[in-house]
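A short write-up of the structure that comes next.
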Amino acid sequence: MNQLKTISAEILLQLMINNNVTVLDIRNLEEFQNGHIYGAIHIPVEELSKKHDIIQSNNLIVTYCGKGGGRSDRAATILNEIGRTSLPLEGGYYSWIQKNIDLTNHQQNEIMIHQLFEKESSSYTYLLADKITREAVLIDPVLETVDRDLRLIEDLNLELLYILDTHLHADHITGSSKIKKQTGAKSGVSKKAGVCCADLELIDGQEIKFGRFTIKVLETPGHTSESLSFFCAGSVFTGDTLLIRSAGRTDFQNGSSSELFDSIHNKLYTLPDNTKVFPGHDYNGFTHTTIVDEKRLNSRISNKKEKEDFIKIMDNLKLPKPKKIDEAVPANLQCGKQIQKQSI
Ligand code: FE
């Protein structure tokens, strides 16, 4: 198959200035609505064979998708085969934005965040994505809701790159292994967890990139010794380290109230005050909070609370053991693969 020639963003701009080109966005409607090249016609690639008549001018037609290649090549080929002249944009809309050529008609510098809930364990899973490149990361998926999460990823036309766990959960089994099998995404968990099946063994300060965004790994031990928080684009995903007006229990899996106090004060409370906090659980119907609100309002660990008082509170919680701990922790040490009982 002949390799299609491409056109650079700079040349496309010149052609647009001279009115010598028709620009065709062949992405889906949501991608188009999130931002597009000014003046582009929108026809999703799947509909192009039937709807190409919409393009009336005889100009060169430049097709573009999110990152170039793939869909835009397919669209240009369809057009060329029916006698139109078409070239795909090199690097797609991503390269157009990267080069700051058109800043007038896009609002997608914001990250896409979906907060997903699993009701039996009151757990939150987070889907983070770049609206332009469609690259995505999933944080703390739950085994029971894997199919829902995968459906959302497919519906939104996202490419899942990473599945990260904030810690080895005691109350549910991670969906990591099942999702990895179905998507090819890489799994990541703290190096301190000693989980050999993870693709990435995460350490403090490590950076994980997807699209234009970077997740910074923060080691925040205390709830468990391998607990991590993930900071990304003005939001922090805290697992069970910092909860809304609360903090994760510290009475199993090498938990330490003293370490949890230090992690929250030295790592999380030093983030900008307006940082949004997305916890791993909430049992009261709340969804998120901010660093400044927790510093002021957290009854277990406000910034006024002394360490000794915090340790006293945590040591006297007297919570029942999580129902699934004996099943969940061994499974999570295997990235969520359930241990089969041997039948003799
Ligand atoms: Fe936990």
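Here, each number is a calculation from the coordinates, and none is a lab measurement. Every value quoted in this text rests on a predicted model; they were computed, and no experiment measured them. Glycine gets a Cβ as well: all are built from the backbone with ideal geometry, and neighbour counts include every protein chain shown.
Taking Cα centre as origin and charging only the Cβ of basic (Lys, Arg, +1) and acidic (Asp, Glu, -1) residues, the dipole magnitude of region 260-323 rounds to 200 debye. Sequence-distant contacts, meaning Cα pairs under 8 Å at least 6 residues apart, place the relative contact order of region 9-105 at 30 percent. In order along region 32-45, the Karplus-derived 3J(HN,Hα) couplings, from 6.51 cos²θ - 1.76 cosθ + 1.60 at θ = phi - 60°, round to 4, 5, 6, x, 7, 5, 4, x, 5, 7, 10, 9, x, 4 Hz, and Gly and Pro are given as x.
Between their Cα atoms, which of Lys131/Lys178; Lys192/Lys276; Lys186/Lys267; Lys186/Lys312; Lys119/Lys181 are more than 29 Å away from each other? In this structure, Lys186/Lys312 exceed 29 Å between Cα atoms. Multiplying the residue separation of Asn274 and Asp204 by 0.36 nm and removing their Cα-Cα distance gives an extension gain of 23.0 nm.
Using a Cα-Cα cut-off of under 20 Å, which aspartates and glutamates could be cross-linked to Lys99, ignoring same-chain neighbours fewer than 8 residues away? Straight-line reach from Lys99, under 20 Å: Glu10, Asp25, Glu31, Glu90, Glu110, Asp130, Glu135. Taking the chain, the Cys residues with no second Cys beta-carbon under 4.7 angstrom are Cys65, Cys196, Cys232. Calculated on the Cα set of region 1-47, radius of gyration then Dmax: 12.3, 33 Å.
Under 15 Å from the 7 Å Cα→Cβ point of Ile82, by amide nitrogen: which residues of region 48-64? Output list for this probe position: 48-59, 61-63. So if I take the centroid of the Cα atoms in region 266-344 and the same for region 131-186, what is the distance between those two points in Å? Each part reduced to its Cα centre gives a spacing of 20 Å. For the pair Leu60 and Phe117 in one chain, pulling the backbone fully straight at 0.36 nm per residue adds 15.8 nm over the alpha carbon distance.
The share of C-alpha pairs in the chain whose separation exceeds 29 Å stands at 47 percent.
Scanning the chain for trypsin sites (Lys or Arg not before Pro) that sit in a DSSP loop and have at most 15 other Cβ atoms within 10 Å, the longest stretch containing none of them is 120-303. Note on Lys5 and Gln98: with the Förster distance fixed at 30 Å, the Cβ-Cβ geometry gives a FRET efficiency of about 0.90. Net charge in the neighbourhood of Ser302 (other residues with Cβ under 13 Å of its Cβ; Lys, Arg +1, Asp, Glu -1) is +3. All C-alpha to C-alpha distances of region 9-105, sorted into 5 Å bins beginning at zero, yield P(r) values of 3, 15, 28, 28, 18, 7, 1 percent in whole numbers.
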